[in-house]
Amino acid sequence: MGANLFPPSNWHQSLSARFEDEPRVVDRLRAAGDTLSARAVKLRLDRIESRPGPEGIHWAFRADHTPADFRTLVRGLGAAITAQTGMKPIKPTPHITISYWAGERLPRMLTIEPVDWLLDEVLLVRGGGRPYHYAVIARWPPQPPREQPVAEQQSLF
């Protein structure tokens, strides 16, 4: 991928939309994070998918299914953000962006050897600059992950 690779130091799982970078909004987002009571989540990334995106062809590691604890984390953080800012939350899917500007679209979804990705910290960040990077504004550790995942329906496909 060369220069089209999103730097691995920036690989992350987004849990909300982007917000205005003004002190009042940042303070409210901090207050939302302060209410975090979810567990850390283990994602099992097992495929690479490509699709057209707003900036070019988007490649991402994806998970075959969404763990229950991920849904709980997203719902809880989304409700806190709405309560603090009045803005509607997004509904993210488990993924890690590899590139926003891939040179080509994959002919099909690629299955890969599973990679376990532990979401063990929630960050409020400011992104920007050249090269693009994230500056941490605040961080919250979720509760420890479950020893054994919650039983849940597996994908039938």
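Observations on the structure shown:
- Over all pairs of different C-alpha atoms in region 28-157, the reciprocal of the mean inverse distance, the Kirkwood hydrodynamic radius, equals 16.5 Å.
- A Förster radius of 35 Å combined with the Cβ-Cβ distance from ARG130 to GLU104 puts the calculated FRET efficiency at roughly 0.90.
- Estimated at 0.36 nm per residue, the fully extended path between ARG24 and MET1 surpasses their Cα-Cα distance by 4.4 nm.
- Relative contact order of region 1-85, pairs being alpha-carbon contacts under 8 Å that are 6 or more residues apart, as %: 34
- Among LEU29, HIS65, LEU45 - extreme Cα towards positive end, dipole of the chain, charges at beta-carbon: LEU29
- Think of the chain as a dipole: +1 on every Lys or Arg Cβ, -1 on every Asp or Glu Cβ, centred on the Cα centre; then among GLY86, TYR132, ASN4, GLY86 lies furthest on the positive end.
- Simple spin-label estimate for LEU36 and SER14 in nanometres, 7 Å along Cα-Cβ: 1.8
- Extension gain, ASP116 back to ARG75 (0.36 nm per residue minus Cα-Cα distance, nm): 12.6 nm
- Label positions at GLU49 and GLU147, each projected 7 Å from the Cα along the C-beta direction, are separated by 3.4 nm.
- Base-10 log of normalised Debye intensity for region 1-97 (one unit scatterer per alpha-carbon) at q = 0.15 Å⁻¹: -0.72
Read-outs: derived from the displayed coordinates by stated rules, not from any lab. Source: prediction; values computed, not measured. A quick note on method: Cβ atoms are made from the backbone with ideal geometry, for glycine too, and the neighbour counts reach across all protein chains shown.
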